[in-house]
Amino acid sequence: MNIVPTKEQTEIEKAVKFLVRHIGKECRNKKPLILHSLKAGFKAQELKLSQAAVLAGFLHDLPEDTNCKLSEIKKEFGQEAARLVYALTQYKIKDYKLRWRKLLVKIKKAGKEAMVLKVIDVMDNLTFLPLVKNKTALEESFWKIDFTIQQLKPFINKTKIFQELKRNSEKLLKIK
């Protein structure tokens with residue numbers, strides 16, 4: 001059987017290899033980052049986001065959690081994918097509320113796809129909350145989720161993924 005993958009499939013394969021290679025070298029995040037990134041990228045594809053947004057879904061945590069530079073992402077995957085990854089990359093600011101406020105400003109400026117990618121990211125991160133045992137870290141996480149919802153609501157409130165985030169976060173808050 002002669003299989004010829006599409007250009008999109010080839011780019012996704014390349015992004016996954018790139019992701020695994022960088023996480024294999026160094027990863028500063030304790031969550032299963034490869035799994036998280038795969039879920040984010042495939043969710044972006046399922047939602048029929050642009051190919052650049054799908055690639056950004058796979059690569060969004062690399063600048064924060066590995067030694068991967070945005071310039072590498074731009075070189076390998078193009079300006080638009082790098083722009084979206086940049087929008088989702090937090091500044092290195094100790095105060096998490098200030099860091100998150102600046103992040104959401106950047107995401108909103110980047111547009112609807114960046115906002116949807118952030119919702120995808122937060123949605124998957126919800127699955128890790130039951131594993132957080134530190135009360136302070138848990139409170140910070142709930143603040144970040146609520147802040148994200150409040151900041152993005154005026155822009156993407158009517159999207160199914162945003163409504164799903166609201167429902168899932170409300171369920172978690174009831175369990176809390």
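Please treat every number below as a calculation from the coordinates, not as lab data. Computed from a prediction, not measured in an experiment: that's the story for all the values here. All Cβ positions, even for glycine, are placed from backbone atoms using ideal geometry, and neighbour counts span all protein chains on display.
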Item to check | Listed residues Cys27, Gln45, Ala15: farthest to the positive end of the dipole of the stretch 13-56 (Cβ charges) | outcome: Cys27
Checklist entry - Taking only C-alpha pairs under 8 Å that are 6+ residues apart, what is the relative contact order of the stretch 11-150 in percent? => result 21 percent
Checklist entry - What ranking do His22, His60, His36 get, fewest neighbouring Cβ atoms within 10 angstrom at the top? => result His36, His22, His60
Next on the checklist: Give me the net charge for the shell around Ile73: Cβ to Cβ below 11 angstrom, other residues only, Lys and Arg +1, Asp and Glu -1.
Outcome noted: +1
Item to check | Relative contact order for the stretch 72-121, counting Cα pairs under 8 Å that sit 6 or more residues apart, in percent | outcome: 30 percent
Checklist entry - Which net charge results when you count Lys and Arg as +1 and Asp and Glu as -1 among the other residues whose beta-carbon is under 13 Å from that of Lys14? => result -1
Next on the checklist: Please arrange Asp65, Asp95 by how many other C-beta atoms lie within 10 Å of their C-beta, fewest to most.
Outcome noted: Asp95, Asp65
Item to check | Sum of -39500 (n - 2.57) over DSSP H runs of 4+, divided by residues of the chain (222 nm, nearest 500) | outcome: -24000 deg cm²/dmol
Checklist entry - When the Karplus curve 6.51 cos²θ - 1.76 cosθ + 1.60 is applied with θ = phi - 60°, which whole-Hz ³J(HN,Hα) does each residue of the stretch 44-61 get, with x for Gly and Pro? => result 4, 5, 4, 7, 6, 6, 4, 4, 4, 5, 4, 4, 4, x, 5, 9, 4, 8
Item to check | Cross-link partners of Lys166 among aspartates and glutamates (Cα-Cα below 20 Å; sequence separation of 8 or more within a chain) | outcome: Glu46, Glu113, Asp121, Asp124, Glu139, Glu140, Asp146
Checklist entry - Arranged by the count of other C-beta atoms within 10 angstrom, fewest first, what order do Ser50, Ser37 take? => result Ser50, Ser37
Next on the checklist: Give the separation of the Cα centroids, the stretch 52-67 to the stretch 146-165, in Å.
Outcome noted: 21 Å
Checklist entry - Given the pairs Lys7/Lys102; Lys25/Lys144; Lys25/Lys69; Lys97/Lys118; Lys106/Lys171, which are separated by over 25 angstrom at their Cα positions? => result Lys7/Lys102; Lys25/Lys144; Lys106/Lys171
Item to check | Per-pair calculated FRET efficiency, R0 = 25 Å: Lys171 and Glu80 via Cβ, rounded to 0.05 | outcome: 0.15
